[in-house]
Amino acid sequence: MEQPDSPIYRYHDGTKHHFNRFARSLGYLDWATQPRPFRSFAGSPSYPLFPAPDAHADGYTPVAVDYHQLFEPAAARAPLSAGAVGDLLRHSLGLSAWKVFGSSRWSLRVNPSSGNLHPTEAYVVSGPLPGLADDAAVYHYAADGHVLEQRCAFDHREWTRISEGHDLILVALTSIHWREAWKYGERAFRYCQHDLGHAIATVSLAASMLGWRTELLPTWSHQAIATILGLNRDDDFVEAEREEPGCLLVVTAGRVPDGLSSGPDSLRAAIGSGRWSGRASQLSEGHIQWTVIDEVARATEDPGRARPNPSTIHADASPCASLADTASRQTLPARALVLQRRSALAFDARSPIQADAFFAMLARTLAVPASPSACLWWTPRIHFVLFVHRVVDVAPGLYVMGREPGGFERLLRQIRGHDLREPAHGTLPLVCLGRGDCRALARRLSCDQDIASDGCFSLGMIAEFDASLAEYGPSFYRQLFWESGLVGQMLYLEAEAAGVRSTGIGCFYDDPVHEVLGLENHAFQSLYHFTIGVPVEDTRLTTEPGYLWG
Ligand SMILES: Cc1cc2nc3c(=O)[nH]c(=O)nc-3n(C[C@H](O)[C@H](O)[C@H](O)COP(=O)(O)O)c2cc1C
């Protein structure tokens with residue numbers, strides 16, 4: 001059992017926001033050291049990706065898919081090609097738009113990020129493909145140009161052996177902590193993990209557009225991931241901010257070969273002795289060292305672990321899951337939907353949503369087989385506390401929803417000071433704790449942000465904390481945030497699909513949230529907030545496409 005005086009508990013408690021004191025940060029924005037949003041590896045061969053006009057697409061034509069179909073078993077699978085990889089990256093981690101205000105211009109991406117700082121970098125490992133390298137290779141994805149930069153070419157025979165002839169690639173995600181720490185100081189490590197969770201979901205959903213499946217590979221330790229991505233190659237990071245290994249995903253049109261999930265050593269050795277190219281660009285000329293971030297990163301380093309049996313993890317498609325697919329929901333092209341996703345900057349504080357839409361959004365976050373949650377290897381640890389403001393035929397008030405029955409029961413037992421336990425839906429595990437106007441409470445708890453009260457509802461994501469860390473060890477601290485980010489991404493898209501909009505809220509007062517529920521100690525901890533409503537657009541901003549070609 002992790003002890004509250006361990007580095008993780010020290011970090012977690014030390015980076016809480018309190019009513020009278022925010023987590024430590026610089027307190028102002030030092031524009032002179034603002035990190036550049038894009039990394040590149042100068043000196044590495046680069047390959048433009050579909051749908052850029054200069055990309056080698058090899059006849060690839062995307063098959064149109066409806067957003068709701070992403071949550072069903074795939075009807076057809078696109079064969080692996082450079083074109084399909086380009087399509088995957090464009091709709092998971094690519095640029096979705098540029099915003100312009102006066103002389104300022106900044107990009108937005110398919111994956112959201114706290115403060116739009118984008119600490120997450122992505123890599124692809126693939127066998128030889130027409131349009132990419134002739135050999136098996138490790139690539140860095142440069143979202144600004146939508147290109148793959150070849151970091152390492154290695155013996156394709158090892159790739160062929162380990163992939164067992166299946167059409168698959170590996171997608172690895174890393175974090176550059178400095179990008180978030182520049183603005184948010186010590187709390188930044190949490191935001192890097194949220195962002196990574198959002199990115200896991202965007203990759204998984206873009207893979208579903210191709211009929212491909214995504215799985216997190218828990219057997220790969222952080223050291224193994226660092227080796228195959230070249231993160232420990234000191235000479236390639238002279239003066240450049242280091243990257244922290246995050247996770248490795250297999251994205252496959254077939255099945256996950258045993259060799260990949262059971263032992264990475266031979267692939268690691270083949271890549272380790274490959275031909276490397278490129279040097280990482282520096283993002284800022286000056287830095288502030290936030291040593292607690294380095295400490296928590298070391299304390300949560302993942303040693304890797306055997307993948308638990310998937311059948312013990314995911315619930316069957318329960319009656320609740322079908323709520324997410326009510327016939328009334330209109331057809332929505334999935335690719336367009338992920339490109340149009342945006343965070344709401346303000347809500348109209350007036351318009352409600354229908355109860356059906358509300359329940360459908362919540363149902364979508366449940367971990368059922370054909371959902372992004374299915375790429376995680378653990379049972380859901382995140383439950384919701386909901387502040388319902390404006391939902392037709394649902395009384396305003398405080399609610400909780402469980403995403404896993406055992407954990408939800410334990411949460412309900414821990415909640416004190418609310419005697420009501422009124423089921424609020426026939427099949428959804430949604431329980432009303434109290435009726436009343438929660439707008440002021442929701443705003444106050446979310447760092448006094450109006451978006452938490454002016455929408456239709458907002459929520460806190462409550463993680464089963466102690467028990468999860470005791471079960472899986474300190475590295476699971478990261479995974480708890482990943483799950484919250486992944487669930488958040490589904491809320492973002494569900495809101496977009498329902499014609500409303502949402503926003504992730506990383507700034508909330510931690511312990512006051514726990515006090516509202518009467519939660520004591522660390523059995524459950526709030527890790528992330530979210531809000532959904534009818535947006536008010538900022539008409540002063542103009543929008544340009546993510547890339548010149550569209
Ligand atoms: C982990 C996380 C935390 C966030 N926290 C807040 C927040 O507290 N307040 C807010 O207004 N927006 C918040 N956002 C929204 C980001 O500012 C937004 O994602 C970013 O500016 C990029 O814009 P986009 O989502 O429209 O692509 C958060 C987003 C993420 C992913």
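The values are calculated or read from the model by the stated rules, or taken from the named source; none is laboratory data. All of these numbers come straight from a predicted model, not from anything done at the bench. Ideal geometry is used to build each Cβ from the backbone, glycine not excepted, and the neighbour counts take in all protein chains shown. The area values use the complete protein model at the heavy-atom level, side chains included, leaving out ligands, DNA and RNA. Shrake-Rupley method; radii C 1.70, N 1.55, O 1.52, S 1.80 Å.
Couple of notes before you dig in:
- The residues listed here are Asp236, Asp294; of these, the one that is closer than 30 Å to Ala23 by Cβ, at pLDDT 95 or above and among the charged types (D, E, K, R) is Asp294.
- Residues of region 36-59 that turn out to be touching a Pro at 6+ places or on another chain (Cβ under 9 Å) and either open to solvent by less than 70 Å² (accessible area, probe 1.4 Å) or part of a helix (DSSP H, G or I) (or both), as a count: 4
- Taking helices (runs of 4 or more DSSP H) as the structural unit, those lying wholly within region 411-490 and holding at least 1 residues that are away from the ligand (no atom under 14 Å from the Cβ), open to solvent by 10 Å² or more (accessible area, probe 1.4 Å) and of a type in the set (A, V, I, L, M, F, W, C) correspond to 439-445, 466-472.
- Residues in region 79-97 that are of a type in the set (Gly, Ala, Ser), touching an Asp or Glu at 6+ places or on another chain (Cβ under 7 Å) and surrounded by fewer than 24 Cβ atoms within 10 Å (Cβ to Cβ): Ser81, Ala82, Ala97.
- Qualifying residue in region 502-515 (condition: out of contact with any helix residue (DSSP H, G or I) (no Cβ under 7 Å at 6 or more places or on another chain), at pLDDT 95 or above and more than 22 Å from Arg10 (Cα to Cα)): no
- Single unsatisfied condition, Ile225 versus (1) crowded, with 24+ Cβ neighbours inside 10 Å; (2) free of Cβ contacts under 8 Å to residues at least 24 places away in the same chain: (2)
- Given (1) under 24 Å from the mean Cα position of the chain (by Cα); (2) more than 25 Å from Cys152 (Cα to Cα); (3) modelled with pLDDT of 95 or more, number of the condition Arg305 does not satisfy: (3)
- Region 241-270 residues that are assigned to a strand (DSSP E or B), paired with ones that are among the basic types (Lys, Arg) and open to solvent by 20 Å² or more (accessible area, probe 1.4 Å) (beta carbon under 8 Å, 6 or more apart): Val251/Arg213; Thr252/Arg213
- Number of positions in region 506-541 that are within 14 Å of the ligand (Cβ to nearest atom) and open to solvent by 20 Å² or more (accessible area, probe 1.4 Å): 6
- So Glu494, is it open to solvent by less than 20 Å² (accessible area, probe 1.4 Å) and among the acidic types (Asp, Glu): yes
- As a summary of the residue check, Asp195 satisfies the conditions (1) open to solvent by 10 Å² or more (accessible area, probe 1.4 Å); (2) farther than 19 Å from His287 by Cβ except for the one numbered (1).
- Matching option when the condition is in contact (Cβ under 8 Å) with a residue 12 or more places away in the chain and on the phi > 0 side of the Ramachandran plot, among Gly518, Gly506, Gly546: Gly518
Conditions (1) more than 16 Å from the ligand (Cβ to nearest atom); (2) among the charged types (D, E, K, R), marked per residue:
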{"residue": "Trp31", "(1), (2)": "yes, no"}
{"residue": "Pro35", "(1), (2)": "no, no"}
{"residue": "Ser46", "(1), (2)": "yes, no"}
{"residue": "Pro53", "(1), (2)": "yes, no"}
{"residue": "Asp66", "(1), (2)": "yes, yes"}
{"residue": "Gly102", "(1), (2)": "yes, no"}
{"residue": "Arg109", "(1), (2)": "no, yes"}
{"residue": "Tyr123", "(1), (2)": "yes, no"}
